[in-house]
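Read through the structure below, which is laid out as structure tokens, and then see the notes.
The values are calculated or read from the model by the stated rules, or taken from the named source; none is laboratory data. Please read all numbers here as calculations on a predicted model, not as lab measurements. Here the Cβ is made from the backbone with ideal geometry for all residues, glycine too, and neighbour counts use every protein chain on show.
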Ligand SMILES: [Zn+2]
């Protein structure tokens, strides 16, 4: 039994807020490299997510935006029918990637997936035990934070609906994921800032989509060697012992 470490580079396609014809269409998709994983940052129709999952045939993890209709079962039903896995207020480890998601925007009316600053802080704090466990097991807290809204003061806007969450600034400062991917802020001006570095974290507005690669360290704890490998190691050890004995007795090998 031994611990092993290796690195894996993951190609990620992140989508948010708007159906993009550069992805929606056979010819468009064929021209692109197939990602290992799709991340949905909210406010996208189910048919678009369904299309991406079916055509690219890779897992899709997603959170809801403030315009997504509230399904009968909170968060999950709408997404599972289109092949996406909902990760609102959840942390998952997928292909070695440590991923945490938070739905929605700041509360501005009585719609679904809207939260106060305090509610989002409570949701972020509930993630702490999982983050600490990751640090102990994998040497890092989090690789990707996926949210619909941005952090406060980064890519956000002054109106209530588009103001960022303080809780996300706290998560980024305290747990330093490689990426904080968000949507919600539609970019109509190409000069508008959409990528901002905060310490070790790249905060990125993925509207309407972004392709990125991320190298993650994987640690395999205590996995026994395969039976074939174990047998080969044993045979090599026995041959070495036999050679040593023959040498000691003066016999030819
Ligand atoms: Zn939104």
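Structure values in brief
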item	result
Yes/no for residue 175 being touching a residue at least 12 places away in the same chain (Cβ under 8 Å), out of contact with any strand residue (DSSP E or B) (no Cβ under 6 Å at 6 or more places or on another chain) and crowded, with 24+ Cβ neighbours inside 10 Å	no
All positions within segment 140-157 that are on the phi > 0 side of the Ramachandran plot and either surrounded by 12 or more Cβ atoms within 10 Å (Cβ to Cβ) or at pLDDT below 95 (or both)	155
Residue within segment 35-42 that is in a loop (DSSP other than H, G, I, E, B), under 14 Å from residue 209 (Cα atoms) and in contact with a helix residue (DSSP H, G or I) (Cβ under 8 Å, 6 or more places away or on another chain) present	yes
Boolean, residue 152 is more than 20 Å from residue 132 (Cα to Cα) and either within 16 Å of the ligand (Cβ to nearest atom) or over 16 Å from the mean Cα position of the chain (by Cα) (or both)	yes
Filtered residues of segment 26-45 (kept if surrounded by fewer than 18 Cβ atoms within 10 Å (Cβ to Cβ) and more than 16 Å from the ligand (Cβ to nearest atom))	26, 27, 28, 29, 30, 31, 32, 33, 34
Scan of segment 155-185 for residues that are out of contact with any helix residue (DSSP H, G or I) (no Cβ under 9 Å at 6 or more places or on another chain), assigned to a strand (DSSP E or B) and within 16 Å of the ligand (Cβ to nearest atom), ordered by number	181
Some residue of segment 122-139 being over 26 Å from residue 214 (Cα atoms), modelled with pLDDT of 95 or more and within 14 Å of the ligand (Cβ to nearest atom)	no
